[in-house]
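Worksheet: the structure to be examined is printed underneath.
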Amino acid sequence: MDLTIKIIKNILSESTHKNILSQVEAETVCWSRGLVLDENISDYQFSHPIYEYHNVRSHLFEVLNPLFEKLKIGAHSRIKLNCNIQQNENRILGGFHTDNHDDNGKPRSNFMTAIYYLNDTNGKTLIKENKEIKEIECIANSIVIFPNTLEHTGTTHTDVPFRYVLNLNYI
């Protein structure tokens with residue numbers, strides 16, 4: 001398994017990306033408001049579960065197949081679409097965390113995390129690697145892939161009404 005942070009720009013064709021974005025922005029997508037992290041009671045976001053608990057939860061799963069094929073996913077753990085609302089200032093949203101844990105609460109080392117950016121915003125993803133924090137730009141149709149053991153967080157954005165990111169955990 002690759003233990004570094006990898007960024008791929010234009011991972012999908014422009015037409016495939018536009019199709020995914022139009023499906024995400026459609027009025028038929030049901031969004032749930034929830035906390036970004038359970039520990040932080042002041043940061044909310046909207047989310048749409050696509051795959052969790054070994055089940056497909058959304059019609060968007062099929063729309064995302066071209067992305068799954070590019071990533072060569074062996075097994076899905078969780079796939080969740082996040083929507084954040086424009087804020088007045090850029091700041092950390094939620095806090096640093098890992099996504100997938102074993103029964104003892106330790107991050108699973110055989111899993112990968114990927115964040116696919118559906119639109120351009122000035123919000124960022126921050127990833128802790130070797131005691132440094134890497135800033136990843138939110139550029140439409142790009143993806144950042146990193147080991148599940150690396151902590152990450154997002155920041156708020158100030159430039160557009162919505163920030164759409166797809167969070168994937170997989171083997």
Looking only at segment 127-155, and only at residues there that are open to solvent by less than 30 Å² (accessible area, probe 1.4 Å) and among the hydroxyl-bearing types (Ser, Thr, Tyr), the one that is modelled with the highest pLDDT:
Ser142
Which count do you get for residues in segment 126-158 that are touching a residue at least 40 places away in the same chain (Cβ under 8 Å), closer than 24 Å to His101 by Cα and among the β-branched types (Val, Ile, Thr)?
8
Among the residues of segment 119-126, are any of a type outside the set (S, T, N, Q), buried (at least 17 other Cβ atoms within 10 Å of the Cβ) and within 23 Å of Trp31 (Cβ to Cβ)?
yes
Filter segment 106-158 down to residues that are of a type in the set (D, E, K, R) and within 20 Å of Ile85 (Cβ to Cβ), then give me how many there are.
3
Extreme residue, modelled with the lowest pLDDT, among residues of segment 39-67 that are open to solvent by 80 Å² or more (accessible area, probe 1.4 Å) and in contact with a Gly (Cβ under 8 Å, 6 or more places away or on another chain)
Glu39
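The values are calculated or read from the model by the stated rules, or taken from the named source; none is laboratory data. For clarity, every value in this text was computed on a predicted model and none was experimentally measured. When we count neighbours, we look across all protein chains shown, and the Cβ atoms used for this are built from the backbone with ideal geometry, even at glycine. Please note that ligands, DNA and RNA were not included when accessible areas were found on the heavy atoms of the full protein model with its side chains. Shrake-Rupley method; radii C 1.70, N 1.55, O 1.52, S 1.80 Å.
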